[in-house]
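J.: Have a look at the structure that comes next, please.
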Amino acid sequence: MKNERGFTLIEMMIVLLVISVLLFIAIPNVAKQSKNINSKGCTAFKHMVQGQVQAYRIDQKAFPASISDMVDKGYLRSDETACPSGESITIGADGEVTVGAHGG
C-alpha cells in the first residue's frame, strides 16, 4: 500500500481556526486606526490651508474673506475646500483657519 502524505481535515480546520482568530483580532484595530488617520489628515490639511492664508495675506495685503477667494486667486484648488474626512474649513476675519462640521 502506498504511503500518501498530506494534511488531514482536522489539520486544515485548525489552520482555518487560527487564521480566523487572527483576523478577528486585526480588523477592529485597523478600523480604530482609520479614525486616527482621518483626524491627523484633517489637522495637517488645516495647517496647509493656514500657510496658504498667510501667503495670500502677504501677496494681497489682506486676509481672504472666504475659501472661495482662495480658490479664485489660485491659492487652493477647487477640490481643496474641505478635509479628507468631509469636515468643512472656514477662515475667520483674523485669518484663523478652523475646522467645522461635515460639509454634506
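The values are calculated or read from the model by the stated rules, or taken from the named source; none is laboratory data. Note that this is a predicted model, so its numbers are computed, not measured. Cβ: placed from backbone, ideal geometry, glycine included. Neighbour counts: every protein chain shown.
J.: Pick out the one residue from GLY95, GLY86 that is surrounded by 10 or more Cβ atoms within 10 Å (Cβ to Cβ) and under 15 Å from the mean Cα position of the chain (by Cα). Please lay out each step first, then the result.
T.: On the way: GLY95 fails: under 15 Å from the mean Cα position of the chain (by Cα).
Criteria check complete, one pass: GLY86.
J.: Consider LEU76 carefully, then state whether it is of a type in the set (A, V, I, L, M), in a loop (DSSP other than H, G, I, E, B) and either free of Cβ contacts under 8 Å to residues at least 40 places away in the same chain or over 30 Å from ALA93 (Cα atoms) (or both). Quick ask: steps written out before the conclusion?
T.: Working: of a type in the set (A, V, I, L, M): yes; in a loop (DSSP other than H, G, I, E, B): yes; either free of Cβ contacts under 8 Å to residues at least 40 places away in the same chain or over 30 Å from ALA93 (Cα atoms) (or both): yes.
Spelling it out, LEU76 is indeed of a type in the set (A, V, I, L, M), in a loop (DSSP other than H, G, I, E, B) and either free of Cβ contacts under 8 Å to residues at least 40 places away in the same chain or over 30 Å from ALA93 (Cα atoms) (or both).
J.: In the set VAL21, VAL53, VAL49, which member is farther than 25 Å from SER88 by Cα and at pLDDT 90 or above? Working first, answer last.
T.: Numbers: VAL53 fails: farther than 25 Å from SER88 by Cα; VAL49 fails: farther than 25 Å from SER88 by Cα.
Only one candidate passes the filter, namely VAL21.
J.: Let me ask something else. Quick check: anything in the range 18-37 in contact (Cβ under 8 Å) with a residue 12 or more places away in the chain and surrounded by 10 or more Cβ atoms within 10 Å (Cβ to Cβ)?
T.: no
J.: Take PRO64 and tell me if it is assigned to a loop (DSSP other than H, G, I, E, B), crowded, with 18+ Cβ neighbours inside 10 Å and either without any contact (Cβ under 8 Å) to a residue 24 or more places away in the chain or in contact with a helix residue (DSSP H, G or I) (Cβ under 9 Å, 6 or more places away or on another chain) (or both).
T.: Answer is yes for this residue.
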